[in-house]
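As structure tokens, the structure follows; a few thoughts come after it.
Nothing in this text is a laboratory measurement; each read-out follows from the coordinates by a stated rule. Because the structure is a prediction, the values reported are computed rather than measured. Cβ coordinates were reconstructed from backbone atoms using ideal geometry, including for glycine residues, and neighbour counts include every protein chain displayed.
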Amino acid sequence: MEDGGGPERFSKIASGREPQSPDFEPDGTWYSMVAVRGVLYAVEPNHGELDAISPFGEIRRVADISATQGHIVPTAVAYHGNFFVGNLNTFPIQDGSSKILKVSTSGRVKTVVTGVTTVLGVAFDCEGYMYILENTGNPFPTPYTGKVLRVTDDGLEEIATGLFLPTAMIFGPEGALYVSNVGFGPPGLETQNLVLRRGGDDAVPKTMGMVRIRSWSHPRSQSGHSCNSQMPTS
């Protein structure tokens, strides 16, 4: 932002791109971004890449995800020691065809989670557990099929179900998980900002319209570990 409060262009990420037929969006479709030690890291689904943008607007490619994974449409990125990238994949949707990739700062790509669907969000809680936002199930986008999943030692755990085409999520400094619900859909609908808070082991599942939120707490909470509900430092 400029001193007067107006927007100012920081960097033109798309400059220098050469269209490749039949590439209908040569400038890219930048979707997700995270800041790490003063540098911005952005994911571009169309070409399948993770790029770094310095405070001076200089751009460099961290990883060409498409080179090893093909056209999987990477969409979401989070940082937790390494970058963790989730992918939407192509249509029609095939349940369980998406994944989470771990991308090192040197650009090495490794699959760490499989069996997820249409990933549009990745986040970590204060104990380092990964959460995954699934946008939809079925062959094409379908309301009330979105989910929030947690990755545990035993596999994937459903935290919330029945979401209406959610498109983003992030942990707040107080430890609550904020989800952008109704990220897109028919005309006339407004985006909902859902706040998911942890409950004790004896808490009952809650409902918010069609959304069902199960009781969830930290798997390690019984060990005496005190979680300060802060996001991981980068």
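Structure values in brief
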{"read-out": "For A63, residues with placed amide H under 5 Å, excluding near neighbours", "value": "L50"}
{"read-out": "Kirkwood hydrodynamic radius of the stretch 86-153, Cα pairs, Å", "value": "12.6"}
{"read-out": "Å³ per residue enclosed by the Cα convex hull of the stretch 136-197", "value": "86"}
{"read-out": "Amide hydrogen neighbours beyond the local backbone of T167, cut-off 5 Å, H modeled", "value": "S180, G183"}
{"read-out": "For the stretch 145-157, 3J(HN,Hα) per residue [Karplus equation, 6.51 cos²θ - 1.76 cosθ + 1.60, θ = phi - 60°, Hz, x = Gly/Pro]", "value": "10, x, 9, 10, 10, 10, 8, 10, 5, 8, x, 9, 10"}
{"read-out": "Order of M130, M210 under a 10 Å beta carbon neighbour criterion, fewest first", "value": "M210, M130"}
{"read-out": "³J(HN,Hα) computed for each position of the stretch 63-75 - Karplus, 6.51 cos²θ - 1.76 cosθ + 1.60, integer Hz, glycine/proline x", "value": "8, 8, 5, 5, 5, 10, 10, x, 8, 9, 6, x, 10"}
{"read-out": "The stretch 118-170 - convex hull of the alpha-carbon atoms, volume per residue in Å³", "value": "68"}
{"read-out": "Under-5 Å amide H pairs with T117, H placed in peptide plane, nonlocal only", "value": "G96, S98"}
